[in-house]
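Since every read-out is calculated from the coordinates, none of them should be taken as a lab result. Because the structure is predicted, anything quoted here is derived from the model rather than measured. Here Cβ is always computed from backbone atoms with ideal geometry, including for glycine, and neighbour counts include all displayed protein chains.
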Amino acid sequence: MKKFNIRKVLDGLTAVSSPSPSPQLGAKENELIPETLQSEHFQICKTVRHGFPYQPSSMAFDPVQKILAIGTQSGALRLFGRPGVECYCQHESGAAIIQLQFLINEGALVSALADDSIHLWNLRQKRPAVLHSLKFNKERVTFCHLSFQSKWLYIGSERGNIHIVNVESFTLSGYTIMWNKAIELSSKAHPGPVVHISDNPMDEGKLIIGFESGIVVLWDLKSKRADYRYTYDEAIHSVAWHHEGKQFICSHSDGTLTIWNIKSPAKPAQTITPHGKQPKDGKKPEPCKPILKVEYKTTRAGDPFMIFSGGLSYDTVGRRPCLTVMHGKSTAVLEMDYPIVDFLTLCETPYPNDFQEPYAVVVLLEKDLVVIDLAQNGYPIFENPYPMMIHESPVTCCEYLADCPVDLIPALYSVGSRQKRQGYSKKEWPISGGNWGLGTQSYPEIIITGHADGSVKFWDASAIMLQVLYKLKTAKVFEKARCKEEKPNTEIVDEDPFAIQLMSWCPESRMLCVAGVSAHVIIYRFSKQEITTEVLLEVRLQYELNDLESPEGGGDQTPAPPTPSTSPSPQTAAPQTHTSTSSNSSDGIRDNIPCLKVRSSPLKQSPGYQVELVVQLVWVSGEPPQQISSLAINSSYGLVVFGNSNGLAVVDYLQKTVLLNLGIMELYSSNDPYQRQLRSPRKSRQPSGGLICTQTWFSSIIDKAHIYEQHTIGRTCSLGALLFCVFLSTVLLSVCPPRGSIPLDNRDNSFSRSRSSSVTSIDKEAREAVTSFYFCETYNRKTDGGLTPSLWVGTSLGTVLAISLNMPPAGEQRLLQPVIVSPCGTLVRLKGSILRMAFLDSTGSLLPSAFEPWYEPNAPANGEERDKVRKRRPVSVSPSTSQELNENQYAVVCSEKQAKVISLPSQTCVFKHNITETSFVLRADVVQINTGICVACFCANGHIMTLSLPGLRPLLDVNYLPLTDMRIARTFCFTNLGQALYLISPTEIQRITYSQEVCENLQEMLGELFTPVETPEAPNRGFFKGLFGGGAQSLDREELFGESGAGKAPRSLAQHIPGPGGIEGMKGAASGIVGDLARARIALDERGQKLSEVEERTAAMMASADTFSKHAHEMMLKCKDKKWYQC
């Protein structure tokens, strides 16, 4: 452990985008503070990617290894085994993957890209790598086919030619099938691109080639000529064989299926239009939509399956995409939620010349993956165990918590398991390949995602896996319009009025607070019991704005704002207040009405998160409320605070009262050095009038709320759970857009927003918004002799202000006596908007906020749980001796530009660090990693940085991810133990680590895709088929396609590019020590297998020798007494 002297800051530590920290010493800061974190403790690397592959384009399945591969339009490759075994790879070119082919049970995969490149992936290592690449220069690749247990890959081109590649060396064969020789005189025009290639299941020497124009050719590989040519008027989309090799089926662009006998090329043996209307006069059915793909699978005991996508009638307008399953005389049309990209039929055998025995269909949709059970009536779907529905509604915000309470995940799972849908297939998930990792990471992790439809999802993210635990629907609180005509005209967004914008969660107490885009806040309490809210009580608060003029003298002198911390007892000179319903004036101006309407009918609340309180901001004089920009909840104090570009409000959710509702300027004290004088061109909106109105209205809120509480508190207990809806309104000097609506490129990167400058414009003043909160027990003033409950407020202009909280005694007194709040003025000033605040004790340890342990809120009135509720006490998290002796603290404040460490109570800046000059910080968190703490920052220029605490030494600065989408900025978040995540695409979450320790252990944590599995035995040919040659015919492809038989291909046709995986990668596992151990283990296993085989053979030989000896002895005894002529 290195001792860090805060008087002597180490020089020479510079970052790419930031200078060295500068110490600014106070009076007492001369002691040594240990800092254990060093730069070698940090390293950035991706860990795992969760979610549905964004914009999928192709799919493949290994029937022996049971592994599924999905390719995307951005060149991403996702591999799935059993639940928890996932892998992500990326092609460097970023071109779309048009086709995937497994080398079945070989641990390899071939990918064909839209840039005419072919790649061979090694799947025998935990992080797959490219072994070989082949880039075609003169022809466009359209289709690939790899026969089972073959090393020769057929590649069809846009010109109609077919080339052959050796997958072991990834070199082209000299054997080429030219399109003109394939069709000869059967067509006068070019047949179009190759859309299908496959060999006859019973004769490897016969290759079927499908051209887009409708021509199908049966090619003899040995004689290098076409045996038969089949012509149809409509374009071909796909071809499939019957397993006996005597028939094949084609799907066409007019919605027809044609079945051909291979020896009857004149016309199809059968033509089917599955979804076409059959005319009575025997004419041709009406054309339908194209059948994009068809598969023909046989069974031993029954009729074959014909499965295809598309082919619906054109008059079915608005009908969803369908997959059709034809089995015997039955036809099932399965509707899908999204367009079908591809589908595969899973069969019991990998051999194409045997009965397939299909048991499931994997359907890849544009935004979902569906697996259908073919063995059960009704074709139910399997329950998807992968976390593929992250995007069920677009993700709007994320929170990430590592090392959470151990009882939290089981509690969420117990209530979430009741939400699961019924009717799934009872069979196990068929994609079951691979093995889980053997990592030692055991701490629980939870990810929370907020969505555009108002839902909140909790995910178990432990051990680099992801599983949904619980889903909360916040939109249930509000009335929903049945149609567009019923949609209220008070909504401030056109779409998704319930979208989640911010979340604040206390994991210890399980209290949850969410803020929505419609300027509403909902507070939830966790309960394991179901309740029904019989009556919905609503408190509507309204005030009158007195038209007061400013004092003379140009408006430069404003009276000292009254401190709204007086006791909330009834005032003798209270202003006129009244309650009223939502109102629209005659001229259409909306005033004192919320954006959403709360439900008035009884609300049934299932076990899980149940509504405690609803708060809404209302329209004022025809102007909509500003969206909420910051939110915080503290279970120990029972308070929720939220703010926007106009001010903040503090709500006591235990007493259901509003404690504070002030504009930002009212938070500054009269003698504040940063206090700014306002000027307004309109006398009706002078600051003095606004201030007076705010203060007096605040008093009236407290009065009315407490009077209301006295009348309803008895009824609250009888109802069990009482739902309130509190509507807030603030005095607006001018209406301005919220912080989130300011474009990134228009942000002010200079320090021109300093309060020391003379700013008189209301427009500039209106830019200051509340951006962050932090509840703590600290020193708010230099003269404080002890710690007091406090709320620190950060603004968009870099100001940190304090609000003192005078809390009543815990227990029943907390529900009866009021909480008194008192603004204390400005504490510190930084460049840029305040993003994060935290506190350290005198030893440099992190001081988290106080919390209250979770209890069952709906416990029986006479039960033990109810007694615990009455006796509960908040948990203080400041147990150190230094805090008991009221020694100093350190406040850590991070903004878009700077980070500062402030000594308390002296309020002197002991350390300052300019994080960036040319960009700005998007997300900052104070996190714990290894045995120390640090500030983790993510900048708009893509840099991820960490700073030590309290010294603010740069420890890591990596240009990781350029900001290409606001989605990344909105969802990026750090958490403890070196973990972070962000939404890499609308459907995928990317998890990363910035810890060297996690990076070193990552190889063990990852699952293995490839596992040694014996290939099933080939089907028995039978005696008569073997005798008369009726079985499958083999082909010596090496002799036919090898260099000795076919020669070399032209070098200009394609370029071979060795991959980073290397040829040895097919046999090795991962690199490093883990890879060496894995190889040694494999070698030992192989040696053990060989020794066991030798031992078995030796035992067999000994047994044979004994048998021979016995027979010889018997013969000797038999012939012993006989003459030579008697033997």
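Taking the simple approach of a point 7 Å from Cα along Cα-to-Cβ for both Thr931 and Ala1105, what is their distance in nm?
So the label points at Thr931 and Ala1105 sit 6.5 nm apart.
Can you list the HN-Hα couplings for the range 975-992, worked out from phi with the Karplus curve (6.51, -1.76, 1.60; θ = phi - 60°), rounded to whole Hz and with x for Gly and Pro?
8, 5, 6, x, 10, 7, 7, 7, 8, 6, 8, x, 10, 10, 9, 9, 9, 10
Report ³J(HN,Hα) in whole Hz for each residue of the range 792-799, in order, from the Karplus equation J = 6.51 cos²θ - 1.76 cosθ + 1.60 where θ = phi - 60°; Gly and Pro get x.
9, 10, x, 10, 6, 9, x, 9
Rounded, prolate or oblate, given the Cα gyration tensor of the range 898-941, with a/c below 1.5 counting as rounded?
oblate
Taking H placed 1.01 Å from N in the peptide plane, check which residues at least 5 places from Ile208 or on another chain put their amide H under 5 Å from its amide H.
Ser198, Asp199, Asn200, Trp219
Work out the FRET efficiency for Glu812 and Trp429 from their Cβ-Cβ distance, taking R0 = 51 Å, and round it to the nearest 0.05.
0.45
For Glu383 paired with Lys420, estimate the spin-label separation in nm (one decimal), with each label point 7 Å from Cα along the Cα-to-Cβ line.
Here the answer is 0.2 nm between the modelled labels.
If each residue of separation counts as 0.36 nm, what is the full-extension length gain between Val958 and His190 once their alpha-carbon separation is subtracted?
Residue separation times 0.36 nm, minus the Cα-Cα distance, leaves 271.1 nm.
Can you give the net charge of the other residues whose Cβ lies under 13 Å from the Cβ of Ile915, counting K and R as +1 and D and E as -1?
Local charge sum for Ile915: +4.
Quick one: which residues, 5 or more positions from Ser635 or on another chain, have an amide H under 5 Å from its amide H? H modelled 1.01 Å from N in the peptide plane, none for Pro or chain starts.
Answer set, sorted by chain and number: Glu852.
Go ahead and run the numbers for FRET between Lys224 and Asp115, Cβ-Cβ distance against an R0 of 30 Å, rounding to 0.05.
Computed FRET efficiency for Lys224 and Asp115: 0.45.
Test of understanding: what is the full-extension gain from Asp281 to Asp407, defined as 0.36 nm times their sequence separation minus their Cα-Cα distance?
38.2 nm
Going toward the positive end of the dipole of the range 766-858, with +1 on Lys and Arg Cβ and -1 on Asp and Glu Cβ, which of Phe775, Pro848, Gly794 do you reach last?
Going by the charge dipole, the pick is Gly794.
Could you give the length gained on full extension between His1113 and Ser442, defined as 0.36 nm per residue of separation minus the Cα-Cα distance, in nm?
Additional length available on full extension: 234.8 nm.
Calculate the length of the line joining the C-alpha centroid of the range 266-288 to that of the range 322-359, in whole Å.
After rounding, the separation between the Cα centres reads 22 Å.
Step through the table entries Lys188/Lys263; Lys293/Lys471; Lys181/Lys263, compare each Cα-Cα distance with 28 Å, and write down the pairs that go over it.
Those over the limit are Lys293/Lys471.
Using a cut-off of 14 Å between beta-carbons, work out the net charge of the residues near Phe42 (Lys and Arg +1, Asp and Glu -1, Phe42 not included).
Around Phe42, the charge tally is -4.
Step through the residues of the range 602-614 one at a time and calculate ³J(HN,Hα) from phi using the Karplus curve (6.51 cos²θ - 1.76 cosθ + 1.60, θ = phi - 60°), rounding each to whole Hz and writing x for Gly and Pro.
x, 10, 7, 10, 6, x, x, 8, 10, 5, 9, 7, 10
Quick check: pseudo-label points 7 Å beyond the Cα along Cα→Cβ at Arg140 and Lys604, how many nm apart are they?
5.7
Going by Cα centres, the range 373-450 and the range 832-854 are how many Å apart?
Each part's Cα centre sits 32 Å from the other's.
Counting Lys and Arg as +1 and Asp and Glu as -1, each charge on the Cβ, what is the dipole of the range 163-298 about the Cα centre in debye, to the nearest 20?
380
Rounded, prolate or oblate, given the Cα gyration tensor of the range 135-294, with a/c below 1.5 counting as rounded?
Prolate, since a/c reaches 1.5 and a/b exceeds b/c.
Filter the cross-link list Lys597/Lys656; Lys289/Lys473; Lys277/Lys427; Lys206/Lys284; Lys246/Lys426 down to pairs whose alpha-carbon distance in this structure exceeds 28 Å.
From the list (Lys597/Lys656; Lys289/Lys473; Lys277/Lys427; Lys206/Lys284; Lys246/Lys426), the Cα-Cα distance tops 28 Å for Lys289/Lys473; Lys277/Lys427; Lys206/Lys284; Lys246/Lys426.
Hey, can you grab everything whose amide H is under 5 Å from the amide H of Asp203? Only 5+ residues off in sequence or another chain; H modelled, so Pro and N-termini drop out.
Amide H neighbours of Asp203: Gln1033.
Which net charge results for the neighbourhood of Lys427, defined as the other residues with beta-carbon distances under 12 angstrom from its beta-carbon, given Lys and Arg at +1 and Asp and Glu at -1?
Around Lys427, the charge tally is -2.
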